[in-house]
Amino acid sequence: MANKNNYFTSPKGVAQYAWLNTPDTAFNQNAYKVALRMNKEDAKEFLDELQTVANDNLGSKAADAHMPYKTDAETGEILLTFKSKFKPKFCSADGAIVSEEPSVGSGSCVKIKGSFYPYENSGVGISLQMSHVQVIDLVEHGGGQQFEPEEGSFKP
């Protein structure tokens, strides 16, 4: 199958379920992955491009193809899923590749660069294979909410 319209850059979104620094090994999947949450208006052009890739590469099967996104029933927001067997390269907000890998956690504002991957093996669909992650606003893993200082004797 010829893969047309191969490369993409996602719109900005909020990272969720971020496994970008180490692979998620649960259930033997061994994959780097992230879900990107954004409002429907911001996702529209990307979803249209995704449908075009499905139509161009899967033909009549595109109508029933598995697509790599969900719509949140409560908020109407789109949740796009990106994966890779390989660790993505990280870029700063200005687009330059960084040498020190940031610990990208859920809540970070990011964009994803990669390629569309149409498939027809154990089902029919499109997956989003990521290669680069542009970190616009970083929320580090484990950063969480901090406490205000209190008087006390405990110090590590």
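Extension gain, Lys87 to Thr25, is 21.0 nm, computed as 0.36 nm per intervening residue step minus the present C-alpha separation.
A simple packing score, the average count of other Cβ atoms within 10 Å per residue, orders the peptides 122-133, 57-68 as 122-133, 57-68, with the highest score first. The portion of the accessible surface of the chain made up by carbon and sulfur, rounded to a whole percent, is 50 (1.4 Å probe; DNA, RNA and ligands excluded).
Solvent-accessible area per residue in the chain equals 64 Å², computed with a 1.4 angstrom probe and all protein chains kept.
Given [x] 17.9, 69; [y] 15.5, 47; [z] 15.1, 42, which label gives Rg and Dmax of the Cα atoms in Å as computed from the coordinates? Checking each listed value against the structure points to [x]. A 1.4 Å probe over all protein chains sorts Tyr17, Tyr32, Tyr69 by accessible area into Tyr17, Tyr69, Tyr32, starting with the largest.
Take every pair of alpha-carbon atoms less than 8 Å apart whose residues are at least six positions apart; their mean separation over the length of the chain yields a relative contact order of 28 percent.
The values are calculated or read from the model by the stated rules, or taken from the named source; none is laboratory data. The model shown is predicted, which means the values in this text are computed figures rather than measured ones. Counting neighbours? That spans all protein chains shown, and the Cβs are built from the backbone with ideal geometry, glycine included. Note: areas computed on protein heavy atoms with side chains; ligands, DNA, RNA excluded. Shrake-Rupley method; radii C 1.70, N 1.55, O 1.52, S 1.80 Å.
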